[in-house]
Amino acid sequence: MAGVPPSVAIASGMIAGVLAFRSRPDILDVSAAFNLRYVSLREAFLNFVAFAAIGLPLALAIGFIKPELSISNLKSIPASAAAILLFNALPEEIFFRGILQHVIESALKSKTVAAILAAVIFGAAHLNNGPATPNYKYFVMATVAGLFYGRAWRNRKNVLTSTLTHTMVNTAWRLLGR
């Protein structure tokens, strides 16, 4: 797709993928995954707070984040959070929770094993992030975060709830100087 902005390519791919799975609720239950009545802001926020209680000390201990809070970081939060939600968190949550965790859970009949496997695969998918690859710090942090995204998704199988948790985590990382 030469000449197409990455945001357009991501959005197009996401829409095509969701439409393709509408007839396969065994793979992606689109009606539950995107039902606004099932979105839980409370669940999203509680999983963000629970992750932060574990993730912040861990991120500092392994050198994943180096706090650099600045006014320019604060000013960019709304635009940054919107971009993260649409072009990062939503596509990843559709795949890792809405499809992968859902399929593993259905196949293995275990919510816990599915959540752990999806989180580890999510972490592994982030090994290529950063200047040094493989980036084991990113793997650890993404795996731990993935457990909380999975928890946010699990109760209602709503991708939008886990997307909100994911957006809050990534926005906080960006704000804190990842």
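The values are calculated or read from the model by the stated rules, or taken from the named source; none is laboratory data. From a predicted model like this one, the values you see are computed outputs, not experimental measurements. Cβ atoms come from the backbone with ideal geometry, glycine included; neighbour counts cover every protein chain shown.
Residues are listed down the side, and each one gets a yes or a no for (1) modelled with pLDDT under 85; (2) under 18 Å from GLY123 (Cα atoms):
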site: ARG22; (1), (2): yes, no
site: ASP29; (1), (2): yes, no
site: VAL39; (1), (2): no, no
site: GLU92; (1), (2): no, yes
site: GLY98; (1), (2): no, yes
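Restricting the stretch 41-54 to residues that are touching a residue at least 40 places away in the same chain (Cβ under 8 Å) and over 18 Å from ARG97 (Cβ atoms), which is surrounded by the fewest Cβ atoms within 10 Å (Cβ to Cβ)?
ILE54
Take ALA119 and decide whether it is assigned to a helix (DSSP H, G or I) and small (Gly, Ala, Ser).
yes
Among the residues of the stretch 101-116, which ones are in contact with a Phe, Trp or Tyr (Cβ under 9 Å, 6 or more places away or on another chain) and either within 14 Å of ASP26 (Cβ to Cβ) or part of a loop (DSSP other than H, G, I, E, B) (or both)?
Within the stretch 101-116, GLN101, HIS102 qualify.
Name the single residue, out of those in the stretch 84-104 being of a type outside the set (A, V, I, L, M) and surrounded by 22 or more Cβ atoms within 10 Å (Cβ to Cβ), that is farthest from the chain's Cα centre (by Cα).
HIS102
For the stretch 147-162, check the following and say yes or no: at least one residue is over 15 Å from PHE95 (Cβ atoms) and over 15 Å from the mean Cα position of the chain (by Cα).
Yes, there is a match, as at least one residue in the stretch 147-162 is over 15 Å from PHE95 (Cβ atoms) and over 15 Å from the mean Cα position of the chain (by Cα).
So if I check each of ARG174, ARG154, which one is of a type in the set (D, E, K, R) and crowded, with 20+ Cβ neighbours inside 10 Å?
ARG154
Considering the stretch 132-178 alone, what residues qualify as being at pLDDT 95 or above and small (Gly, Ala, Ser)?
The answer is ALA142, ALA145, GLY146, GLY150, ALA152, SER162.
Going by the conditions given, is PHE87 aromatic (Phe, Trp, Tyr) and within 17 Å of TRP173 (Cβ to Cβ)?
So PHE87 passes the test.
Taking the stretch 126-176 on its own, how many of its residues are of a type in the set (D, E, K, R) and in a helix (DSSP H, G or I)?
The total comes to 4.
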